[in-house]
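Chemist: Okay, here's the structure, questions in a sec.
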Amino acid sequence: MKYEVFTNPFGKTYKIVCNRLLFFAFCLCQASAFSQELTVRVDRPGAAIPSTMWGIFFEDINMAADGGLYAELVKNRSFEFNTPLMGWKEHRTSPGDGSILVLNRSEENPANPRFIRISHFTDGAYGLSNEGFRGMGIKKDEVYHFSVWTRMHQGTDISLKLELVAPDGKKIATARLKPAGGEGWQKDTVSMAAGATEPKAQLYLWIEGQGSIDMDMVSLFPQHTWKERPGGLRADLVQLLADMKPGFVRFPGGCIVEGRDLSNRYQWKNTVGKVEDRKLIINRWNTEFAHRLTPDYFQSFGLGFFEYFQLAEDIGAEPLPILNCGMACQFNTAEVVPADELGPYIQDALDLIEFANGPVSGKWGGLRAAMGHPEPFHLKMMGVGNEQWGPQYVERYTIFTKAIKDKYPDIRLVNSVGPNPDGDLFNFLNDTLRKLHADILDEHYYRQPDWFLQNAGRYDHYDRSGPKIFAGEYAAQSNAVVSPQNKNTWQCALSEAAYMTGLERNADVVQMASYAPLFAHVDGWQWTPDLIWFDNLRSYGTPDYYVQKLFSTNKGSVVVPLSLAGAPLEGQSGLYGSATMDNATGELVLKLVNTTDKPVSPSIKVEGVKKLPARAVQRESIQVALDKTNSLDEPMAVSPKKEDVPFKKGNVVSPVLQPYSVSVVRIAIH
Ligand code: AHR
């Protein structure tokens, strides 16, 4: 047997069997004696598929927020990074031509203390450039809005010459801005159109004239954002999310909720209100992995809780915020807040419900209205802690639950059962939280593909009257968890599809599921695999993305039994499947996954309807080699193809399921 030994940066050593071999071995031993006669009972509706069944997990990891979804192009726009001029560079003709001073007014403005003072008293050239997030993605003919907060000193007569410059020195956009002057801070703006497309442009800001000028919040946004909102989100990335029709959006993570230590935890109140008042902090993934250091990774919170709620609303998903419960990441410092000091943490949770749902006459509802959304966001659920474990979590879970339920009994709480789907940490929380009648348990599994195949029946025997399950973070790992070698291969996505049939079949218990993590910048990632990859201009969905999308856009309304000799189809001869009825269209929706290297043509007898109507059977399927992936250059290499298929005889449907394929088959019933 071939083993690889891998130590993850959280300090855990894994001895793994080369998973390709395991996967094939598993598929082969499944390939014996398969009768291929399946039955589906459309007259036996089971569990309703919750609207939240398939959702998305957003975490600010891999430059998902700044440098990603948040369309700001200037990095370190308010000089608050630990190194105040990180991302910025001075340019001058000769040494005396201008200078820069970083000032810190922390008493006057604790949320945004730093600004720069530029002095220029010669005729020589002086300016600054900003490198953006691994460059700035600029598109030909697109309009870019520049803005800056300025303050002028007496006797100053300064203009700013702005340039967007390609790496070869070519200027692709220019503009001039004459700050209005004055000794109080004010925002100046100017727009410029780009003459060329460039993924790695930089912004130059030349000082013309003489005097001293203070600057803060130097910003550049494309005009075209999602819903054309000024200072908004990258439209192509939101579109990929919207196309999935997700049932919920979990935000903002992930370990980012916890922080490496408590001082570094996510505090939603620092992420709402005016962007210039949102206090920047370091991103906890900045130094997490020695092999993937990203020293310039911070959180400006331009994408904050208001924007997350708005995003969820825009794409028709339920918001699911996850809040810190007084525990820092247990893979890092594992700091906890003493139980008698949890007050502010609990207050944050209660106030968040007010921010989302409360009347505009209240403090938090009023802030929501001031930010442009007087209507409530209809928050119905909330996570208490991220991936916590141990008795210390139970203690904090109990205090939080009481406080939240006393005031808001209808809010459903999502609770951690730890980082693994089995083992001591899982068993302890699973047993304890079940006894405490938790609402929803959040299970995480980052495992190899064969684990997903072997566990497709995981929920068949779960307690039907216990807590509901949120498969909150999962992804098949082609190598090992947190290995930088992991790839988003079709083999991984195929195994997830097989597993997801088991989630769907058990929709009475499993009410939510999301792949994790969601986004990764190709030049700025820490964690792989991820659902969607992007550079500064382009983006693509992985094979896993197309599997998620297939399931989510073919959800159906109610589970119906699909069986082989009376048993659920969960790996017999390498075949997996589930079935739902779509009440809106009157169609039976089959999800069928062939994990073997041979085509299979099962006979599926549709029972419970007299005669199938003459309408065509439709199929959307993905079939490619196991090692196939998508890329920026080949974004759709692994993606579904649609076809009408003539494989119906009487009430028997016999689709040919190609080797290593996922098929969604829609059969008109009514
Ligand atoms: O998704 C990446 C990380 O995996 C999340 O932050 C954490 O919850 C889990 O350990």
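Chemist: Give segment 292-309 a look and list any residue that's assigned to a helix (DSSP H, G or I) and buried (at least 20 other Cβ atoms within 10 Å of the Cβ), or say none.
Modeler: Step one: of segment 292-309, the residues assigned to a helix (DSSP H, G or I) are 292, 305-309.
Correct list: F305, F306, E307, Y308, F309.
Chemist: Which of the residues belonging to segment 135-162 are of a type outside the set (A, V, I, L, M, F, W, C), in contact with a strand residue (DSSP E or B) (Cβ under 8 Å, 6 or more places away or on another chain), more than 21 Å from R234 (Cβ to Cβ) and open to solvent by 10 Å² or more (accessible area, probe 1.4 Å)?
Modeler: R151, H153, G155, T156, D157, S159, K161, listed by residue number.
Chemist: Considering only residues that are open to solvent by 10 Å² or more (accessible area, probe 1.4 Å) and in a loop (DSSP other than H, G, I, E, B), which ones fall in segment 509-527? Break it down into steps so the answer makes sense when it comes.
Modeler: Narrowing segment 509-527 to residues open to solvent by 10 Å² or more (accessible area, probe 1.4 Å): 511, 522-523, 525, 527.
Once the filter is applied, which keeps residues that are open to solvent by 10 Å² or more (accessible area, probe 1.4 Å) and in a loop (DSSP other than H, G, I, E, B), segment 509-527 yields V522, D523, W525, W527.
Chemist: Taking the conditions exactly as written (open to solvent by 20 Å² or more (accessible area, probe 1.4 Å) and within 16 Å of the ligand (Cβ to nearest atom)), does G423 satisfy them or not? Spell out the reasoning first.
Modeler: Values: open to solvent by 20 Å² or more (accessible area, probe 1.4 Å): yes; within 16 Å of the ligand (Cβ to nearest atom): yes.
Judged against the criteria, G423 is a match.
Chemist: Moving on. Run down Y204, Y266 and say which single residue is part of a loop (DSSP other than H, G, I, E, B) and in contact (Cβ under 8 Å) with a residue 24 or more places away in the chain.
Modeler: Working: Y204 fails: part of a loop (DSSP other than H, G, I, E, B).
Just one listed residue meets the conditions, Y266.
Chemist: Please give the strands (runs of 3 or more DSSP E) falling wholly within segment 535-650 in which 2 or more residues are within 30 Å of G524 (Cβ to Cβ) and in the same structural domain as V509 (by TED's automatic domain parsing).
Modeler: Values: elements: 539-541, 562-564, 575-582, 587-594, 603-607, 617-623, 641-645.
Once the strands (runs of 3 or more DSSP E) in segment 535-650 are filtered for at least 2 residues that are within 30 Å of G524 (Cβ to Cβ) and in the same structural domain as V509 (by TED's automatic domain parsing), what remains is 539-541.
Chemist: Check P561, P529 and return the single one that is away from the ligand (no atom under 16 Å from the Cβ) and at pLDDT 95 or above.
Modeler: Values: P529 fails: away from the ligand (no atom under 16 Å from the Cβ).
Criteria check complete, one pass: P561.
Chemist: Something else: Within segment 453-477, restricting attention to residues that are out of contact with any Asp or Glu (no Cβ under 9 Å at 6 or more places or on another chain) and part of a loop (DSSP other than H, G, I, E, B), which residue is most open to solvent (accessible area, probe 1.4 Å)?
Modeler: Ranking the candidates gives S465 first.
Chemist: Follow-up. Could you pull out every one of the helices (runs of 4 or more DSSP H) wholly within segment 340-430 that has 1 or more residues that are modelled with pLDDT of 95 or more and of a type in the set (K, R)?
Modeler: Details: elements: 343-357, 363-370, 391-407.
Where helices (runs of 4 or more DSSP H) fall fully within segment 340-430 and carry at least 1 residues being modelled with pLDDT of 95 or more and of a type in the set (K, R), they are 363-370, 391-407.
Chemist: On to the next question. Would you say Q392 is within 16 Å of the ligand (Cβ to nearest atom), buried (at least 16 other Cβ atoms within 10 Å of the Cβ) and over 18 Å from G304 (Cβ atoms)? Outline the logic, then answer.
Modeler: Numbers: within 16 Å of the ligand (Cβ to nearest atom): no; buried (at least 16 other Cβ atoms within 10 Å of the Cβ): yes; over 18 Å from G304 (Cβ atoms): yes.
Considered against the rule, which asks whether it is within 16 Å of the ligand (Cβ to nearest atom), buried (at least 16 other Cβ atoms within 10 Å of the Cβ) and over 18 Å from G304 (Cβ atoms), Q392 comes out as no.
Chemist: How many of the residues making up segment 163-173 are loosely packed, with under 15 Cβ neighbours inside 10 Å and outside any loop (DSSP other than H, G, I, E, B)? Steps first, please.
Modeler: Going residue by residue through segment 163-173, those that are loosely packed, with under 15 Cβ neighbours inside 10 Å are 167-171.
From what's left, outside any loop (DSSP other than H, G, I, E, B): 171.
Total meeting the criteria: 1.
Chemist: Might you check whether a residue that is without any contact (Cβ under 8 Å) to a residue 12 or more places away in the chain, open to solvent by 10 Å² or more (accessible area, probe 1.4 Å) and not assigned by TED's automatic domain parsing to the domain that holds T93 occurs anywhere in segment 222-234? Before the answer, list the steps.
Modeler: Start the filter on segment 222-234 by keeping residues that are without any contact (Cβ under 8 Å) to a residue 12 or more places away in the chain, which leaves 228-229.
Those left that are additionally open to solvent by 10 Å² or more (accessible area, probe 1.4 Å): 228-229.
Add one more test, that the residue is not assigned by TED's automatic domain parsing to the domain that holds T93, and what stays is 228-229.
There is at least one residue in segment 222-234 that is without any contact (Cβ under 8 Å) to a residue 12 or more places away in the chain, open to solvent by 10 Å² or more (accessible area, probe 1.4 Å) and not assigned by TED's automatic domain parsing to the domain that holds T93.
The values are calculated or read from the model by the stated rules, or taken from the named source; none is laboratory data. Note that the coordinates shown come from a computational prediction; the quantities given were computed from them, not determined experimentally. In this analysis, Cβ positions are derived from the backbone assuming ideal geometry, glycine residues included, and neighbour counts consider all displayed protein chains. What goes into the accessible areas is simple: the full protein's heavy atoms, side chains included, and nothing from ligands, DNA or RNA. Shrake-Rupley method; radii C 1.70, N 1.55, O 1.52, S 1.80 Å.
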